[in-house]
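Note sheet for the following structure.
The values are calculated or read from the model by the stated rules, or taken from the named source; none is laboratory data. These numbers come from a predicted model, not from an experiment. For neighbour counting, all protein chains shown are included, and Cβ atoms are generated from backbone atoms with ideal geometry for every residue, glycine included. SASA here: full protein model, heavy atoms, side chains in, ligands and nucleic acids out. Shrake-Rupley method; radii C 1.70, N 1.55, O 1.52, S 1.80 Å.
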Amino acid sequence: MKIAIIGTGRMGKGLLKTFYQAYGQQVLFSGRDVAHAQTVINELDLALQAVPLEEALQADVIIPTLWFKDLLPWAEQHKEILRGKIVIDISNPFNEKFDDFTTAYDTSAAEELQKVIPDSQVVIAFKNTYWVVFDAPVLQGLKSDVYVASNTNQARETVMQLLKPLPFRVLDAGLLKNSRIIERMTLLSSELARKAGNHPRIAFNLWGLEHEGLPKEQQNEPTHLAQVH
Ligand SMILES: NC(=O)c1ccc[n+]([C@@H]2O[C@H](COP(=O)([O-])OP(=O)(O)OC[C@H]3O[C@@H](n4cnc5c(N)ncnc54)[C@H](OP(=O)(O)O)[C@@H]3O)[C@@H](O)[C@H]2O)c1
């Protein structure tokens, strides 16, 4: 399986580092300027060749790292080549002041994207993962959560399997409508982190869920949880 990361900004770089560690040459990296994409690869000291956008879009899983305002026109432009593919949406529809969203409460960036590319499977992931968290996804002993949602069960499962080797806790977050909440969780975490003086080193880890490596019968015992954390 080939995974394409499109865009050389903060999230593009973070995703590139993380996916490269797990998938090496299966990762395709591209941006509007291939030479710049190669510079980013070189700066990260990865043994990878940047590819033109058209080549990257041949991948099985595409991760555009654009801002929401640019994402829908971009998807419209490439909807034919994206047909039948999994498109991982990481966008949060912030306004220009970053203090609210441009989407109404009865929709989400992910659902709007799915409307533009109905023949692709939109799957959300990394909506709450600030770019700096890719460098240290375990904070205070807790793995950062990645909520994965899609209207297609198979696509959601494929992406969850894909993310399994990455250093995050990957959770099945159901249908795309849950992205309305998941995206707004980023807005909330941003405000909380700023108040705590810790922005953007903030991540979600929901308590009470299954803990990796811990037998089920021990999962509710606070002492054992404390040991794991
Ligand atoms: N920053 C975060 O911590 C964070 C966390 C979670 C989710 N997100 C989401 O991730 C996305 C990217 O955030 P970011 O912080 O990485 O932004 P960024 O550093 O500004 O990068 C955005 C990238 O989008 C590409 N781009 C810009 N305009 C474009 C256009 N008109 N057409 C095609 N590509 C265009 C550019 O890549 P090229 O110049 O290489 O083409 C640019 O590097 C946003 O949707 C954001 O909501 C961000």
How many of the residues making up the range 1-18 are assigned to a helix (DSSP H, G or I) and surrounded by fewer than 18 Cβ atoms within 10 Å (Cβ to Cβ)?
2
How about the range 192-215: which of its residues are over 17 Å from T129 (Cα atoms), modelled with pLDDT of 60 or more and loosely packed, with under 12 Cβ neighbours inside 10 Å?
K195, A196, G197, W207, G208, L209, E210
What number of residues within the range 19-30 satisfy the criterion of being open to solvent by 10 Å² or more (accessible area, probe 1.4 Å) and either over 15 Å from I88 (Cβ atoms) or touching a Phe, Trp or Tyr at 6+ places or on another chain (Cβ under 9 Å) (or both)?
5
Counting only residues that are closer than 10 Å to F29 by Cα and not in a loop (DSSP other than H, G, I, E, B), which one in the range 44-61 is farthest from the ligand (Cβ to nearest atom)?
E55
Against the definition (free of Cβ contacts under 8 Å to residues at least 60 places away in the same chain and either in contact with a helix residue (DSSP H, G or I) (Cβ under 9 Å, 6 or more places away or on another chain) or farther than 24 Å from N198 by Cα (or both)), how does V132 come out, yes or no?
no
Matching entry among T65, T18, T39 (being at pLDDT 95 or above and more than 22 Å from V159 (Cβ to Cβ))
T39
